[in-house]
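Worksheet: one structure, shown below.
The values are calculated or read from the model by the stated rules, or taken from the named source; none is laboratory data. These numbers were taken from a predicted model, which means no experiment stands behind them. Note that each Cβ is placed from the backbone with ideal geometry, even for glycine, and that neighbours are counted across all protein chains shown.
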Amino acid sequence: MPARDLALLTHAARRAGEIALRYWRRSPKAWEKGDQGPVTEADIAVNDMLQAELRGARPGYGWLSEETPDSLLRQEYECTFIIDPIDGTRAFIAGEQHFSHSLAVAQNGVVTAAVVYLPALDQLYTATQDGPALRDGEPIRCSQKGLADDANILTTKANLAPQLWRGEPPAFRRSFRASLAYRLCLVADGSFDGMITFRDTWEWDIAAGGLIAQRAGASVTDCQGATLRFNSLTAQTPGVLACAPALHSDLRAHINK
């Protein structure tokens, strides 16, 4: 079933990219969703297509999406789609390339099939629960660096606040990309050595990328070191730490949690 779900997600992600690119760099209508940031007409158009296509193909699956009002009925399903129609909406509005579509299936809380697609780059990351992580069909692996190896970590400046760490924050190079899903994929393919966010994190941002990074050999947990579970009551996790295994261990020793 994961292979069949992966094929379905891949087809849907490419369709999502076609829709998103019709709006990209063409001043799409945008508005704020309270304290959850911006949304555009492209997010809604992609979400509507994905919901129709994916649930039409799998009517027995639940649905959790950033752009659909949540219903806890999703917890009654064994399998649930976890979807971010456009991850990195601010980047999308700004006309930047690093926005993505994040599509996953979780079965009993565990992600079994995952796709992250960046349509502006035509770059596709995929994984299943028992298969390799792939970028454009080719296997990828995470880096093998530790903290002492000049590690380059994707994170925001806010995550270096002293109170989040035991003593001074550890020394590493810091980089940033807007899409959380893409950050996880950049860890998966070894472009960066890790990513960390301490903020409570929506499941739709990390479900797909988390599996891809994990299948590429990265250690992926919340910031307290616990295994990630999905389709939860709150649809959030207490941060995310995804790194090369040695680096993950090194950072956990410094985190004040």
Q. Only one residue in 244, 218 is at pLDDT 95 or above and among the aliphatic types (A, V, I, L, M), so which one is that?
A. 218
Q) Looking at (1) closer than 26 Å to residue 213 by Cβ; (2) touching a residue at least 24 places away in the same chain (Cβ under 8 Å); (3) exposed (fewer than 14 other Cβ atoms within 10 Å of the Cβ), which is the one condition that is false for residue 92? A) (3)
Q. How many residues does the stretch 48-66 hold that are outside any loop (DSSP other than H, G, I, E, B), small (Gly, Ala, Ser) and in contact (Cβ under 8 Å) with a residue 12 or more places away in the chain?
A. 3
Q.
Quick check on my filter: what residues within the stretch 1-41 are assigned to a helix (DSSP H, G or I), at pLDDT 95 or above and over 19 Å from the mean Cα position of the chain (by Cα)?
A. 3, 4, 18, 19, 21, 22, 23, 41
Q.
Which condition from (1) hydrophobic (A, V, I, L, M, F, W, C); (2) in contact (Cβ under 8 Å) with a residue 40 or more places away in the chain; (3) surrounded by fewer than 24 Cβ atoms within 10 Å (Cβ to Cβ) is the one that residue 113 breaks?
A. (3)
Q: Within the stretch 68-83, identify whether any single residue is assigned to a helix (DSSP H, G or I) and touching a strand residue (DSSP E or B) at 6+ places or on another chain (Cβ under 6 Å), and answer yes or no.
A: yes
(Q) Please determine whether any residue of the stretch 93-107 is charged (D, E, K, R), out of contact with any helix residue (DSSP H, G or I) (no Cβ under 9 Å at 6 or more places or on another chain) and modelled with pLDDT of 95 or more. (A) no
Q: Return the only residue of 207, 213, 226 being in contact with a Cys (Cβ under 9 Å, 6 or more places away or on another chain) and either in the same structural domain as residue 131 (by TED's automatic domain parsing) or on the phi < 0 side of the Ramachandran plot (or both).
A: 213
**Q.** Enumerated strands (runs of 3 or more DSSP E) restricted to the stretch 141-257, each holding at least 1 residues that are within 24 Å of residue 114 (Cα to Cα)
**A.** 152-154, 194-202, 219-221, 236-243
Q: Evaluate the stretch 70-80: report whether one residue or more is surrounded by 17 or more Cβ atoms within 10 Å (Cβ to Cβ), closer than 16 Å to residue 205 by Cα and assigned by TED's automatic domain parsing to the domain that holds residue 115.
A: yes
Q: May I ask you to list the residues in the stretch 16-35 that are closer than 19 Å to residue 65 by Cβ and surrounded by 10 or more Cβ atoms within 10 Å (Cβ to Cβ)?
A: 16, 17, 18, 19, 20, 23, 28, 30, 33
Q. Which of the following residues is farther than 25 Å from residue 121 by Cα, in contact with a helix residue (DSSP H, G or I) (Cβ under 9 Å, 6 or more places away or on another chain) and assigned by TED's automatic domain parsing to the domain that holds residue 127: 57, 13, 30, 52?
A. 57
